Structures are given as C-alpha cells and as structure tokens.
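Worksheet: the structure to be examined is printed underneath.
The values are calculated or read from the model by the stated rules, or taken from the named source; none is laboratory data. As the structure is a computational prediction, the values presented were derived from the model and not from experiment. Neighbour counts are summed over all protein chains in view; Cβ atoms, including those assigned to glycine, are modelled from backbone coordinates with ideal geometry. Areas reflect the complete protein model, heavy atoms only, side chains present, ligands, DNA and RNA absent. Shrake-Rupley method; radii C 1.70, N 1.55, O 1.52, S 1.80 Å.
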Amino acid sequence: MSPTGWALLGMLSGGAELSGYDIKKWINWAIQFFYSSPAYSQIYSELKRLERLGLVTSRVDAGIRSRRMYKITDSGLVAVTRWANEESVEPPTLKHNPLLRVMLGHLLNPGRLREILTDHAAYAEQMHQAAATEVRWTGEQPAWSYARLALRWSEQYYAAERDLALQMIKELDAVDETFGESGPAGVEFPVREYWYEVERRIAAEREPETGEPGN
C-alpha cells in the first residue's frame, strides 16, 4: 500500500460514501497544507487498487451526473486502523526549493534571490491565511477536532515560513557585505579537502552527544 492509499482509506474511515471528486476536494480543503496533493488519476488508480484488495466497495450512482461512489469495508477499516496505530511513522521529507536557491545564491543574478524570497513570503502568507480560514470552519464539528489540530499546526507553520523568509531578506545585505564589491565571483571557494576536514571536526563535535565515534 502506498501512503496515498492509506490516506484515501483514512478519508473513507468516517463511513460515508465518497466519490473520487469528493476525496480530491477534501484533500484540497485540508490535507494540502501538510501533504502533497495527488492528481485525480492517482486517486482513481488507488481507489481501484483498494477495491481489488477488498478494502473498499464501489457502486455507480446514476443520478444527474453518473459517478462511482466508494465506501470502506470492515476489512478496510481494520487495516487502516492497524496502519495508523502500528506502522512506523517516517520523518517528513523536505524539498524546499526557495532554500535551495539560497544555498546556491552565488549563482543568482543581483536582486534575484531577494525576489525569490519575497515571492515565497507572499506564498507562505497566502497559505497561512487559507489554513486560518479552515481552522475557523472546523470549530463547529466535534468530529473534526483532530483535523482542526492539524490545520492549526499548518496555520502556525506557514506563519513561521513567512517570518523566516522575511528575516532572510533582511540578512541578505549582511551576506552581500561578506563578499564585498566583487561579489561571489571574486571569492575562491574551499577545495574538497577542506570540506572533509570540516566534516571530521563536526563528527568529533557530535561524538559526545551521540555516543558514536566520528567518521
């Protein structure tokens, strides 16, 4: 089972029938703030797989707009409950594209990094406001109390992202002064041997903390 499959089962665990469209809307409403949103094609392929495994059933609702409705089975509820309680929780994987640009700031044209961080701060503020709106609307339903906790975390997370981006913009001037008038092009980068020496020093520094010998 893929993580997306477990997420879909979790969304069906309330017992109500949902279409693939319903599930996508639910994902966009709440889960998008902390988990990448799958495409419709992935959602439908996962639902078909779940049905083959006997974890969901489906029927065609021949209404005004014919649509296939999915419902979790008893086996599916047992499986997703076991997964939520017993499976190990992997650490989050962070792929922060704006920060990667900061790391490679010596390659960027003058002013470009400031532009990237300004755009990221605006994006984070937009997500912060959206999450805050969802938090308000979850307060009326006791069944959404756990979802509200996740959304409140999301609200605070994006506020922190915004503040960190704005702080980094302020620190760009100090970084520019480090390089001087010639900019990064006039600075000689350390050779590979120096990298390894720094790595050894860091490993030695961490040894008392971890109890493991450094490399």
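Before moving on, here are some points about what is shown:
- K48 vs. criteria touching a Ser or Thr at 6+ places or on another chain (Cβ under 9 Å), under 30 Å from E161 (Cβ atoms), in the same structural domain as R82 (by the TED database) and outside any loop (DSSP other than H, G, I, E, B): no
- Flag for R200 being loosely packed, with under 14 Cβ neighbours inside 10 Å and more than 19 Å from H96 (Cβ to Cβ): yes
- For I23: the one exception among (1) touching a Lys or Arg at 6+ places or on another chain (Cβ under 6 Å); (2) surrounded by 15 or more Cβ atoms within 10 Å (Cβ to Cβ): (1)
- Restricted to helices (runs of 4 or more DSSP H) entirely inside the range 68-141, those with at least 2 residues that are under 30 Å from S58 (Cβ atoms) are 74-86, 112-138.
- Of the residues in the range 135-145, at least one is surrounded by 15 or more Cβ atoms within 10 Å (Cβ to Cβ), more than 16 Å from S13 (Cβ to Cβ) and either at pLDDT 90 or above or polar (S, T, N, Q) (or both).
- Any hit, the range 108-129, residues being surrounded by 15 or more Cβ atoms within 10 Å (Cβ to Cβ), under 30 Å from S13 (Cβ atoms) and either assigned by the TED database to the domain that holds E17 or within 26 Å of the chain's Cα centre (by Cα) (or both): yes
- Remark: S36 matches the filter, which requires a residue to be in a loop (DSSP other than H, G, I, E, B), under 30 Å from L172 (Cβ atoms) and under 22 Å from the mean Cα position of the chain (by Cα).
- Residue satisfying condition, being open to solvent by less than 90 Å² (accessible area, probe 1.4 Å), at negative phi and either in a loop (DSSP other than H, G, I, E, B) or aliphatic (A, V, I, L, M) (or both), within set G54, G14: G14
- Y40 vs. criteria among the aromatic types (F, W, Y), touching a residue at least 24 places away in the same chain (Cβ under 8 Å) and outside the structural domain of F179 (by the TED database): no
- Criterion violated by W29 - all others in (1) touching a helix residue (DSSP H, G or I) at 6+ places or on another chain (Cβ under 8 Å); (2) more than 24 Å from P92 (Cα to Cα); (3) open to solvent by less than 70 Å² (accessible area, probe 1.4 Å) satisfied: (2)
- Test: A165 is touching a residue at least 12 places away in the same chain (Cβ under 8 Å), out of contact with any Leu (no Cβ under 6 Å at 6 or more places or on another chain) and either not in a helix (DSSP H, G or I) or not assigned by the TED database to the domain that holds G15 (or both): no
- The sole residue among R162, R152 that is of a type outside the set (D, E), within 20 Å of the chain's Cα centre (by Cα) and open to solvent by less than 90 Å² (accessible area, probe 1.4 Å) is R162.
- Residues in the range 83-134 that are hydroxyl-bearing (S, T, Y) and more than 20 Å from Y35 (Cα to Cα): T118 alone.
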